[in-house]
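Notes to accompany the following structure.
Where a number appears in this text, it was derived from the coordinates with a stated rule and is not lab data. On a predicted model such as this, the values are computed, not experimentally measured, just so you know. Glycine gets a Cβ as well: all are built from the backbone with ideal geometry, and neighbour counts include every protein chain shown.
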Amino acid sequence: MSDILGLINLQCPNTMKELSEKRPLASEPFGAKFRLMDFALSNMVNAGIDTVGLILPFHSRSVLDHVRSAKEWDLARKQHGLYYLPMDEEEEVRNPQEGDIYSYYKNLRYVEAGQRRYLLLSGCDVVANINYEEVLHFHRKHNANITLVYKKQDADCPGEGYVLKTKANGHVTGMKKAEGVKKDENLFLGAVLIDCELFLRMIRRANFGGKWKFFNEVLADNVDNLRIFGFSVKGYAKRINSIDSYFQSSMDMLKLDNWREIFHQDNRIYTKIKDEAPAKYMEEARVTNSLVANGCIIEGTVENSILFRKVRVGRNAVIRNSIIMQNTNIGEDANLNYVICDKDRDIQPEAVLEGTEKEPLCVIKHEVR
């Protein structure tokens, strides 16, 4: 799909500050070895998009460390490939503007230089394996100006989001902001396929008009003026907008059908490769229904949990319904239930940490328990 230019906005607000104030949402770990940005980036690459721009957040060190040359996504190229679009003005750092309109406006040169017919715009807060080739076919079939990707909710979804109203053929007749999305409503997932020339005009007008702060507001105001259609994602797709949604989506990956739907399709999800030794299960280890990454050493019990790389579980320690990020040491006889533990932690021997399914306990970086 060489006629599509990719653009991923990594400046999504971090809705999981309980874990880290400085790590952007884009680089939050997920599924034992991935980062949230991997889904948006992999979905574009799987569709044959050979040029992708990343609009970097203010705290971008973890993003740069993870993506690097982007060779894992086949974007380390002499022509086209990956483009970093950083904050490059002092005023942006000292007095950041609310919204995303200015971020898009200052990077319009990237869109113009790409010389493509379509722009695929995406955020970094959705766990999904989306076939954008099908989105393009849908867009062309309906002669759409704009195609929005959405997911019909199978349960109530807390948090702020945009809800779409569509006709049977997918034509969008309404788009409104909602605090909490109800079951059977269409949640907009933040992915937009739009003609490049139209995007350029809309962003320039929005930036100079001053009426809008977010591109979603511009889209909502133009539902009656443009041919806007909605493409429904049929498979697993969940938006991460809170600690609760992050925890629930992570636990969803322990269900085999969901795991296969995300990671075992023809279209793979790529991530930074780290060569680690296989996980070691010692004689007293007991592990059930869990994801365990390379480099882990387990001497205790792990149930319904996700362990990232190089986690060590001491003798007689018990971990249930928890997410333990990389380089964490769980002391002997410790007991963890409904816990999200950030990386590089030391959990003391005999420690007892417990949250609930709706409010998991967060153990933050550089904290000793």
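When S305, S242 are ordered from fewest to most other Cβ atoms inside 10 Å of their Cβ, what list results? Please list the in-between numbers first.
Numbers: S305 28, S242 15.
By the 10 Å Cβ count, ascending, the order reads S242, S305.
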Two-decimal Rg to Rh for segment 50-144 - Kirkwood Rh, Cα set = 0.98
query = Out of C362, I347, Q326, whose Cα points farthest toward the positive end of the dipole of segment 280-363 (charges: +1 Lys, Arg; -1 Asp, Glu; placed on Cβ)?
reply = Q326
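I want the local charge near V318. Using Cβ-Cβ distances under 13 Å, sum +1 for each Lys or Arg and -1 for each Asp or Glu among the other residues. Let's see the in-between values first.
Values: positive: R286, R315, R320; negative: E284, E299, E303, E332, D333, E350, E354.
Summing Lys/Arg as +1 and Asp/Glu as -1 gives -4.
Rounded, prolate or oblate for segment 133-239? Axes are the square roots of the Cα gyration tensor eigenvalues, ordered a ≥ b ≥ c, and the cut-off for rounded is a/c under 1.5.
Working: a/c = 2.01, a/b = 1.25, b/c = 1.61.
Note, shape of segment 133-239 comes out oblate.
For segment 44-143, state which GluC sites (Glu not before Pro) are in a DSSP loop and have at most 14 other beta carbons lying within 10 Å of their beta carbon. It would help to have the intermediate numbers written out before the result.
On the way: sites: E72, E89, E90, E91, E92, E98, E112, E133, E134; in loops: E89, E98.
Sparse-neighbourhood loop GluC sites (Glu not before Pro): E89, E98.
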note = Computed on Cα atoms, Rg of segment 7-69 relative to 2.2 N^0.38 Å comes out at 1.10
message = Nearest 500 deg cm²/dmol is fine: what mean residue ellipticity at 222 nm does the chain get from its DSSP H runs of n ≥ 4 alone, each adding -39,500 (n - 2.57), divided by its residue count?
response = -6000 deg cm²/dmol
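Can you put V63, V172 in order of Cβ neighbours within 10 angstrom, beginning with the fewest?
Working: V63 22, V172 25.
Result, fewest neighbours first: V63, V172.
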ask   = Any idea what the dipole of the chain comes to, in debye rounded to 20, about its Cα centre with Lys/Arg Cβ at +1 and Asp/Glu Cβ at -1?
value = 1020
query = Do you know the relative contact order of segment 1-148, to the nearest whole percent, from alpha carbon pairs under 8 angstrom that are 6+ apart?
reply = 36
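Below 8 Å between Cα atoms, with a sequence gap of 6+, how large is the relative contact order for the chain in percent?
Working: 835 pairs, mean separation 56.3, N = 369.
So the answer I get is 15 percent.
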remark   = Here the membrane-span-like helices of the chain, with no claim about any membrane, defined by DSSP H, Cα axial extent at least 18 Å and mean Kyte-Doolittle at least -1.0, are 196-209
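Quick one: which of K17/K176; K17/K182; K106/K213; K182/K358; K17/K365 span more than 20 angstrom between C-alpha atoms?
Working: K17/K176 26 Å; K17/K182 25 Å; K106/K213 14 Å; K182/K358 18 Å; K17/K365 11 Å.
In this structure, K17/K176; K17/K182 exceed 20 Å between Cα atoms.
Rounded, prolate or oblate for segment 187-235? Axes are the square roots of the Cα gyration tensor eigenvalues, ordered a ≥ b ≥ c, and the cut-off for rounded is a/c under 1.5.
Numbers: a/c = 2.11, a/b = 1.80, b/c = 1.17.
Since a/c reaches 1.5 and a/b is larger than b/c, the shape of segment 187-235 is classed as prolate.
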request  = Among DSSP beta bridges whose residues both lie in the chain, state the antiparallel percentage, nearest 5.
outcome  = 35
query = If you work out Rg and Dmax of the Cα atoms in Å from the coordinates, which of [x] 20.7, 62; [y] 21.2, 67; [z] 32.7, 112 do you get?
reply = [y]
request  = Assign one of three labels to segment 280-363, namely rounded, prolate or oblate, based on the Cα gyration tensor with a ≥ b ≥ c the square roots of its eigenvalues; rounded applies when a/c is under 1.5, prolate when it is not and a/b is larger than b/c, and oblate otherwise.
outcome  = rounded
key: Estimated dipole of segment 280-363 in Debye, rounded to 20 [Cβ of Lys and Arg +1, of Asp and Glu -1, Cα centre]   = 360
task = Find which of N225, F263, I194 sits farthest along the positive direction of the dipole of segment 188-283, computed with +1 on the beta-carbon of Lys and Arg, -1 on that of Asp and Glu, about the Cα centre.
result = N225
